[in-house]
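The values are calculated or read from the model by the stated rules, or taken from the named source; none is laboratory data. Computed from a predicted structure; not experimentally measured. Here the Cβ positions follow ideal geometry from the backbone for every residue, glycine too, while neighbour counts run over all protein chains shown.
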Amino acid sequence: MEAFMKLEGKIALVTGAASGIGRVIAETFVTLGVRVIFVDANPAVQDIASALGQIGLVGDITSADFRKSIFHWPEVTYGEPASIGVFAAGITRDGLALKSDKVSGKPILFDENKFDMVLNVNLKAPVYCALQMVARLSEAGHSDGGKVIFIGSISSEGNIGQVNYATSKAGLVAATKTLNLEWKKLGVKVAVIHPGFTATPMVAAMPPEALEKAVALVESGTIHSPQSVADAVLSVLESENPPDELFLDRFKHASSHRVEYVSAIPSRYLAKSV
Ligand SMILES: NC(=O)c1ccc[n+]([C@@H]2O[C@H](COP(=O)([O-])OP(=O)(O)OC[C@H]3O[C@@H](n4cnc5c(N)ncnc54)[C@H](O)[C@@H]3O)[C@@H](O)[C@H]2O)c1
């Protein structure tokens, strides 16, 4: 615990804090003396937070008004803005990108509502949480910088049946890199942590056979504990120079499409571009 003492007294806002990874991260912060705002759409978040002497806020993070209100709370309650944001709220709505109708054989495209829903919750909402948090820090003239952590996924490198989810998590990588370029001058650091399969209600909802097959596709071959994600969050917060992306596991297929850019282009095209 000694190594994490510098987090004591800081204010963190954690979304998805009623369940799974977000909850364990928020609870871990509390044990380290961090003042935590627990945020979730599930009303249980209020009891979870108040049992630990913390604030629990209920609402939908896809609502711009809700996002704005949650980042005012720390100032109202503690007189200063949150300088740590961990945006873990997320959903899945899985399915193959393209299927064919069993009777007619006609192609069926992935449901657009499910695509939009996952993009809104998993990508747009956490990015706008980050913008809102840093806007509050800037307005308050906070000199301590700030740390934003997005919870990505190993699916950001592609996964069958998750065209929407994988796209949302890959989007967080691009957002992280862009925000780091823009906010270097503010002393704000953004990182995206990619958990592997982790024992939470999200994974428990998968059919056991599908889960077994999926776990066989990752390098570790195991399901991780939510605490391991919380530990990764602490390591990023502790680090003076954390990486933009941190993978806690990886799909075996991911390494096969990591290629050297120039060597992958046939030379006839390279010649044309000179
Ligand atoms: N469990 C895994 O194997 C795994 C792997 C990689 C990444 N992740 C990511 O980790 C994060 C947490 O996942 P988890 O497994 O703990 O899931 P979970 O379902 O246990 O928890 C997600 C929480 O987010 C909340 N939430 C969902 N939509 C919301 C909204 N619109 N507004 C406010 N709250 C909302 C839910 O109420 C829930 O409490 C997600 O972003 C997920 O994509 C999970």
Q: Identify all residues within segment 34-68 that are away from the ligand (no atom under 13 Å from the Cβ) and among the hydroxyl-bearing types (Ser, Thr, Tyr); write none if there are none.
A: Ser50
Q: Report yes if Lys114 is without any contact (Cβ under 8 Å) to a residue 24 or more places away in the chain and over 30 Å from Arg35 (Cα atoms), otherwise no.
A: no
Q) Looking only at segment 156-177, which residues are under 20 Å from Leu211 (Cβ atoms) and part of a helix (DSSP H, G or I)? A) Ser156, Glu157, Val163, Asn164, Tyr165, Ala166, Lys169
Q. Among the numbered criteria (1) of a type outside the set (Val, Ile, Thr); (2) in contact with a Leu (Cβ under 9 Å, 6 or more places away or on another chain); (3) away from the ligand (no atom under 11 Å from the Cβ), which single criterion is violated by Lys185?
A. (2)
Q: For segment 149-165, state whether one or more residues are surrounded by fewer than 18 Cβ atoms within 10 Å (Cβ to Cβ) and free of Cβ contacts under 8 Å to residues at least 12 places away in the same chain.
A: no
**Q.** Considering residues of segment 1-16 that are aliphatic (A, V, I, L, M) and under 17 Å from the mean Cα position of the chain (by Cα) only, the residue farthest from the ligand (Cβ to nearest atom)
**A.** Ala12
Q. Quick one: what pairs do we get from segment 43-62, first residue more than 18 Å from Val76 (Cα to Cα), second at pLDDT below 95 and within 8 Å of the ligand (Cβ to nearest atom), C-beta under 9 Å, 6+ apart or different chains?
A. none
Q) Does segment 17-25 include one or more residues that are modelled with pLDDT of 95 or more, more than 12 Å from the ligand (Cβ to nearest atom) and crowded, with 24+ Cβ neighbours inside 10 Å? A) no
